[in-house]
Every structure is written in C-alpha cells, then in structure tokens.
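Quick note: the coordinates plus some simple rules give every number you see, no bench work behind them. Computed from a prediction, not measured in an experiment: that's the story for all the values here.
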Amino acid sequence: MTKEGLIDAIVNKIGCSKKDAGEALDAVLDSITKSLTSGDTVTITGFGTFSVRKRAARSGVNPKTGEKIQIPAMTVPKFKAGKGLKDAVK
C-alpha cells in the first residue's frame with residue numbers, strides 16, 4: 001500500500017475529504033518524525049513502537065568490487081510491532 005492508498009482508506013473509513021485525510025496523515029507522520037528526531041520513542045498501543053537505535057561503526061565489503069570499506073556509526077529508526085498488529089497478521 002502506498003501513501004495514496006492510506007489516504008483513500010482514511011476517506012472510506014471516516015468519510016472526510018481526500019484533502020483532509022492527506023493533511024491528517026501528514027500530521028501523524030510529521031509528529032512521529034519529529035519525536036524520533038529528538039530521540040523520543042513513539043508508542044501506539046496495539047500497533048507498535050517507533051524508536052531510534054544507534055548502530056556502531058563496522059567494516060563491510062563493497063559487493064561490486066570486493067573492496068573492504070568502513071561503514072560509519074549512525075542512528076537509524078526502528079519499529080517493533082505490538083501484540084495487536086502481530087495477532088492481526090497471523
């Protein structure tokens with residue numbers, strides 16, 4: 001499903017305009033992004049938890065050339081599915 005598909009699902013579920021649904025989805029995504037940027041965790045009960053994780057520097061191999069490279073440390077987003085989502089997917 002794409003962002004457009006999510007907007008259509010919101011419109012069908014609550015009967016608002018497509019513009020309002022798009023703005024609501026953008027607001028939710030912006031809020032999650034801002035929280036993660038500041039290092040906070042976002043928990044949506046029954047759905048899951050978004051958090052940030054620090055990944056250590058490590059060495060790797062360029063698959064194209066076989067050359068060894070150093071991959072720098074970085075901070076990456078992480079998602080852990082909640083019980084409700086896990087049960088729904090079964």
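Expressed in Å, the radius of gyration and Dmax of the Cα atoms of the range 1-40 are 11.7, 35.
Projection of the Cα convex hull of the chain, averaged over all directions and equal to a quarter of that hull's surface, yields 8.8 nm². Once the range 45-90 is represented by equal point scatterers at the alpha-carbon sites, with solvent omitted, what log10 I(q)/I(0) does the Debye formula produce at q = 0.17 Å⁻¹? Treating every Cα as an identical point scatterer, log10 I(q)/I(0) equals -0.65.
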